[in-house]
Amino acid sequence: MFNALGNYFSERRRGLSKAAGYVGGAYFIGRYVSARLEDVRNTILQERTARENLRRRFDQNQQDISFTVMALLPTLGAHILQDMDVEGVTQELQSYSRASRERLELQPPSSAPSETSSTGHSRGQDTDIRSDNGSVSVISSADGATTELSASSTSWVDSMQSSQVSQVPPDATGNDTTSTSPKSSIGAELSDSILTTSSMSSSAVPVPSNASASPNAHLESLSPVTRSKAELWREVKMLTFTRTLTVIYSVTLLSLFTHNQLSILGRTKYIQSLIQQERDERIRDQLEYSTSVYSLFWGDRSLEDFDTDILEESETVSEETERKFLTLSWWILHVGWKDVGERVRRGVEEVFESVSLKTKLNAAELHCLINDVRRRVEHEVTFEGKERRINFLSTLLPPTAETLQHVLTQGGIPPWLATAHDPKFNAFLEETRTHLTSGSFDRVLEVCLDQAMEVLFQGVEKNVFGSHNEQGDPMMGQEPRERLAAMLPGLARWCHLALEGLPNELVDALADVREVSAFSAIIYTSYDDRFR
């Protein structure tokens, strides 16, 4: 039986050998394919994990940017609201009307008929300065902080009108007990943008008790007050638009600068995490190898990896360097915004100087005027007479080494650390300058300013033109119009909301701009050259 079985396999050993070879080959090929598929699967999982880790870190970095902007905004807002005190100028303008009412209460009721008719004529001439929607005013709290800017029954313009009507001269008896000084009793006069020429010329002005005074003395006493009120009205108009646009430019530049800063630091932290992860994997492989049989024959392997160590050393950022780099935002918070405000002020004066306060404008016309100011702010004229876009680099970063050390010192960095040589900080600073002067930043800035203007006009249409839409426009098919003077309180209130509002609509709108996230992603992922 065994001989027969042996003969059977002997006769078929060639075929059996081929079959065993085929089966063995198929088995090893299957194992090889299975191992390669497992490697591909692990690679895909690692890449997916790496992408998720990168996305999670990037999203967290974007949230940190928003929190940082909100933390810096009160400092910026305090400087802008203090240096561009629209409410203070408005209160100074309103003080004239309050003083006029007090003088009216102290004066006797008797008045010459001719003077009464003159006053009535002045009243009739000045009724055209009131807004069609009613008047507006700035209501301030006891501590001087503005609490509400809304429609009310007494406007800035009406207040100044009442001061004109109330200036009734003393009686002809020349009684000194009821007379006031020429400076305090002169008629309240506004600029040509508020009052017509006839109303200004017919305002009742008290005659000094000294009958021998010449007419020139009366004109000299009238001129300073008239000029002061005209300047106050002009200042309210110019300062309101200047502060509004300065808020938009400053908040936008601060947001983009913070995106640049934290994206660079976030990228560095991410690279450090990758290096640490590689080092941990190397230690784990070393432990597995040291406990295996192979270590008995081939000895122990070294944990040293000179390339990784050099890369880790070059990417390490100390806390001092990080503090110095983040302190650069002190420049725009305390100095840079003033440069923007000065450019905005010049543009506003060039555009709105010829626009009267009683001019009725719709939203589209106001948009065109502000776009004209933007063109003057964002462009400069070369010697050849051509316009070119500016990059706001001097607004975001100190221009010289001396000012850089001043910024670091004022930001809380010790003098010895501010003057110490720091290659990593210099690299961050140079990279920041490169990004801020790039075409990508110009594009992102333009889109962000457009978005900020959209937020502004949404607030203007809601708070200024909203009453027309609610009550219904009597002129069907036409956009509602409002006097320029009636727009000023709404714009002043919007500045407070943009700087002090929680949640902040302007900051959130800038963070949601797609180009801003793309700009941050470009900076955050610019590390390929470090691993080649």
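The values are calculated or read from the model by the stated rules, or taken from the named source; none is laboratory data. As the structure is a prediction and not an experimental result, all values here were calculated from the model. Heads up, the Cβs are rebuilt from the backbone with ideal geometry, glycines too, and the neighbour counts pull from every protein chain shown. SASA here: full protein model, heavy atoms, side chains in, ligands and nucleic acids out. Shrake-Rupley method; radii C 1.70, N 1.55, O 1.52, S 1.80 Å.
Express the accessible area of segment 372-524 per residue in Å², computed with a 1.4 Å probe while the remaining protein chains stay in the model. I get 51 Å² per residue for this part. Separation of the alpha carbons by more than 30 angstrom is noted, of 386/424; 358/462; 237/324; 358/386; 237/338, for 386/424; 237/324; 358/386. Among 274-287, 354-367, 238-251, 328-341, the peptide with the highest mean count of other Cβ atoms within 10 Å heads the list, and the full ranking is 238-251, 328-341, 354-367, 274-287.
Label zone (residue 375, point 7 Å along Cα-to-C-beta; backbone nitrogen cut-off 18 Å) within segment 235-269: none.
Here the extension length gained between residue 326 and residue 231 equals 30.0 nm, from 0.36 nm per residue of separation less the Cα-Cα distance.
Between residue 421 and residue 52, 0.36 nm times their residue separation minus their Cα-Cα distance comes to what? Working shown, then result.
Details: separation 369, 0.36 × 369 = 132.84 nm, distance 3.73 nm.
That pair, residue 421 and residue 52, stretches by 129.1 nm at full extension.
Using packing as a proxy for protection, rank 440-451, 485-496 so that the peptide with the highest average count of other Cβ atoms within 10 Å comes first.
Numbers: 440-451: 17.7, 485-496: 23.2.
Answer by packing, highest mean first, reads 485-496, 440-451.
FRET efficiency for the residue 283 to residue 388 pair, using the beta carbon distance and R₀ = 56 Å, is estimated at 0.50. Cβ-Cβ distance of residue 346 and residue 515, R₀ of 30 Å, FRET efficiency by 1/(1 + (r/R0)^6): the value works out to about 0.60. Extension gain for residue 23-residue 4 works out to 4.3 nm (0.36 nm per residue, less the C-alpha to C-alpha distance).
A cut-off of 5 Å between modelled amide H atoms, ignoring neighbours fewer than 5 places along the same chain, links residue 483 with 132, 361.
Can you tell me which of 46-56, 342-352 comes out highest on packing, and rank the rest after it, using the mean Cβ neighbours within 10 Å?
On the way: 46-56: 11.1, 342-352: 19.2.
Highest to lowest by the protection proxy: 342-352, 46-56.
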